[in-house]
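Worksheet: the structure to be examined is printed underneath.
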Amino acid sequence: MDRVWDVVVVGAGAAGLACSVAAAEAGASVLLLERGRSLGGTTMYSVGSMTAAGTSLQRRAGIEDDTEQLIEDMWDYPDAGLSGDAPDLRRLYAEESGPTLEWLVRHGVQFTLPNIEPPHRVARMHNVIPGSRSYITRLEEAARAAGVHVVLSTEVRELVLEDGEVRGAVVTGPAGTSTVLARRGVVLATGDFSGNSGMRQQHLPEAAAAALPINPEALGTGHQLAAQAGGELVAMDRLFGPQLRFGPPPRRGWLDRLPTWRWLCAIEGAVVRRVPASALRPVVKSLLVTHMSPTDSLFRSGAVLVDRDGVRFGLEEDPARELSARPGSTGYIIMDESVAKAFDREPNFISTAPGIAFAYFTDYRRGRPDLVTTSDTVEDLASRLGMGTDQLVSSVRSSGLRGPFVAMGPVHSMLTVTEGAVRVDQSLEVQRPDGQPVRGLFAIGAVGQGGMLLKGHGHHIGWAMTSGRVLGVRLAARPLDGRTTGSLSEEEAA
């Protein structure tokens with residue numbers, strides 16, 4: 001591994017890959033470091049929606065859209081205008097999201113025609129085909145073709161600073177410990193901190209801190225590195241979740257197992273954009289019952305939530321937060337057949353990906369039988385689930401449910417992402433508490449949200465891809481400003 005690069009990127013999820021590809025295609029030499037053994041980060045856990053405005057797919061669908069409308073609609077989400085939000089970053093996202101989606105399409109990423117999700121006034125949620133793996137596959141191909149040097153199983157121990165400026169990083173991997181320098185900048189693209197229990201306990205409410213992380217490898221490394229270099233952390237108490245989520249199936253669904261070959265994805269994209277949505281519903285549902293969360297409407301209709309011992313522990317007013325306080329943050333949704341039947345037809349659904357399709361009770365019973373347990377009696381249901389009979393009998397008796405009974409689960413209280421990030425300016429350079437930059441250090445994606453609260457489907461991936469692409473292009477054109485690039489001290493070179 002060479003010692004000196006134009007750009008060193010830390011983290012190979014969507015943001016890090018987008019930045020690396022954009023910088024390398026613009027002529028920069030790029031080193032991409034990933035602590036894990038594979039690429040993808042939290043993006044690999046997502047359904048893959050990307051919200052963007054002014055795209056060719058919108059125009060194909062006859063939709064007129066622009067930057068100002070997207071900004072206005074993003075402010076309409078609850079809490080979007082909390083103190084500390086970053087309007088300059090929100091504008092950057094709105095202006096560059098469309099060009100970023102077109103850039104992804106040119107690299108072979110396939111999308112559905114856009115779908116609408118309120119409070120957005122027009123359809124701008126683009127869903128990737130066949131799933132989020134496609135982002136990583138296509139960007140990895142582009143990175144290799146552009147000459148990005150990708151190094152896995154390698155962790156950044158510390159940043160190299162000289163006169164307050166970040167010049168590189170000390171890294172440890174299979175080849176040992178070494179120091180790499182960056183002529184144009186070091187980029188933090190390490191995701192959120194939802195997998196770091198210490199940081200969760202320090203910054204989040206108790207219920208959120210106890211929830212299970214969707215991505216246990218999201219350790220907040222970039223937050224820590226930026227803070228050590230003098231960067232300011234902002235909005236660290238904000239988060240998305242916790243949510244109730246069903247666990248993964250015993251085997252991946254066939255849709256998840258489809259190869260992400262470029263030609264196959266192109267055919268899939270052409271089919272999905274031309275075939276009526278009703279014809280695709282069975283296919284889409286096989287994905288939904290694997291990835292989606294159960295709706296809280298179940299509880300308003302009479303279902304109850306019990307922990308893994310069969311104890312009903314709350315009133316299901318905030319079921320995900322209530323469950324996070326129970327052992328293992330794990331439980332079951334208990335209902336009777338009348339509730340199950342009510343959620344087998346419109347307008348009641350078990351789960352949804354807005355604008356795509358709904359999944360009803362029958363879809364789960366057929367597509368995820370491992371999540372559905374039925375019995376005529378509470379005692380037998382308790383035996384089937386391995387619960388204490390007395391506890392479950394008491395829980396059901398207090399609910400007013402009448403047999404036959406249905407249990408859905410196990411279901412978990414899970415933390416999707418944390419929203420706290422490093423403060424950055426519109427150039428995506430890390431900022432100190434006094435508003436001065438940490439020169440040479442940049443942050444993108446979840447670690448670089450800068451106080452911006454991203455709610456709704458498609459905004460996190462949209463920001464990751466957009467901030468990554470924009471910064472990659474900028475860094476490739478960034479003047480060296482007379483920085484020395486090869487004069488390491490003996491201590492740094494060791």
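Annotations
- Around the Cα centre of the chain, unit charges on the Cβ atoms of Lys, Arg, Asp and Glu (plus for the first two, minus for the last two) sum to a dipole of about 1560 debye.
- Centroid-to-centroid separation of the range 380-446 and the range 29-44 [C-alpha atoms, Å]: 24 Å
- Net charge in the neighbourhood of residue 435 (other residues with Cβ under 14 Å of its Cβ; Lys, Arg +1, Asp, Glu -1) is -2.
- Rg/Rg_globular for the chain, with Rg_globular taken as 2.2 N^0.38 Å and Rg from C-alpha atoms: 1.02
- Cα gyration tensor, the range 19-121 - rounded (a/c under 1.5), prolate or oblate: prolate
- In the context of the full protein assembly, residue 93 retains an accessible surface of approximately 0 Å², using a probe radius of 1.4 Å and ignoring ligands and nucleic acids.
- Amide H partners (placed H, <5 Å) of residue 5, local residues excluded: 181, 182, 183
- Computed from backbone phi, the HN-Hα couplings of the range 208-215 come to 5, 5, 8, 5, 7, x, 4, 10 Hz, rounded to whole numbers (Karplus: 6.51 cos²θ - 1.76 cosθ + 1.60, θ = phi - 60°; Gly and Pro given as x).
- Residues whose amide H falls under 5 Å from that of residue 430, counting only those 5 or more places apart or on a different chain, are 438, 441, 442, 443, with hydrogens built in the peptide plane.
- When you restrict to C-alpha pairs under 8 Å that are six or more residues apart and normalise by the size of the chain, the relative contact order lands at 25 percent.
- Three-way shape call for the range 126-227 based on the alpha-carbon gyration tensor, with the a/c threshold at 1.5: oblate
- R0 of 51 Å, Cβ-Cβ distance residue 158-residue 122: FRET efficiency to nearest 0.05: 0.65
- Two-decimal log10 I(q)/I(0) for the range 322-425, as the Debye equation yields it once each C-alpha is a single scatterer, q = 0.14, 0.24 Å⁻¹: -0.65, -1.38
- Summing charges over neighbours of residue 450, with a neighbour being any other residue whose Cβ is under 14 Å away from its Cβ, gives -2 when K and R count +1 and D and E count -1.
- Extension gain for residue 144 to residue 201 (0.36 nm times residue separation, less C-alpha to C-alpha distance): 16.6 nm.
- J(HN,Hα) series, the range 329-339, from Karplus relation 6.51 cos²θ - 1.76 cosθ + 1.60, nearest Hz, glycine and proline x: 6, 10, x, 9, 9, 10, 9, 9, 5, 5, 5
- Here the contact order of the range 136-256, divided by its residue count and restricted to Cα pairs under 8 Å and six or more residues apart, works out to 17 percent.
- Residue 66 paired with residue 391, simple spin-label distance in nm, labels 7 Å along Cα-to-beta-carbon: 5.9 nm
- Net charge over other residues, Cβ less than 12 angstrom from the Cβ of residue 326 (K, R count +1; D, E count -1): 0
- Once backbone amide H atoms are built at 1.01 Å from N, residue 246 has 412 as its partners under 5 Å, excluding neighbours fewer than 5 places away on the same chain.
- The slack between residue 165 and residue 262, meaning 0.36 nm per residue of separation minus the straight C-alpha distance, is 30.8 nm.
- Taking the DSSP beta bridges with both ends in the chain, the antiparallel portion is around 70 percent.
- Placing R0 at 41 angstrom, the Cβ-Cβ distance between residue 56 and residue 313 gives a FRET efficiency of 0.25 after rounding to 0.05.
- Across the protein chains, with a 1.4 Å probe defining accessible surface, the residues 38, 97 rank 38, 97 from largest area downward.
- Ellipticity estimate at 222 nm from DSSP helix runs (n ≥ 4, -39,500 (n - 2.57)) divided over the chain, nearest 500: -10000 deg cm²/dmol
The values are calculated or read from the model by the stated rules, or taken from the named source; none is laboratory data. Please read all numbers here as calculations on a predicted model, not as lab measurements. Don't worry about glycine lacking a Cβ; one is built from the backbone with ideal geometry, like all the others, and counts go over all protein chains shown. Only protein heavy atoms, including side chains, enter the accessible area calculation; ligands, DNA and RNA are left aside. Shrake-Rupley method; radii C 1.70, N 1.55, O 1.52, S 1.80 Å.
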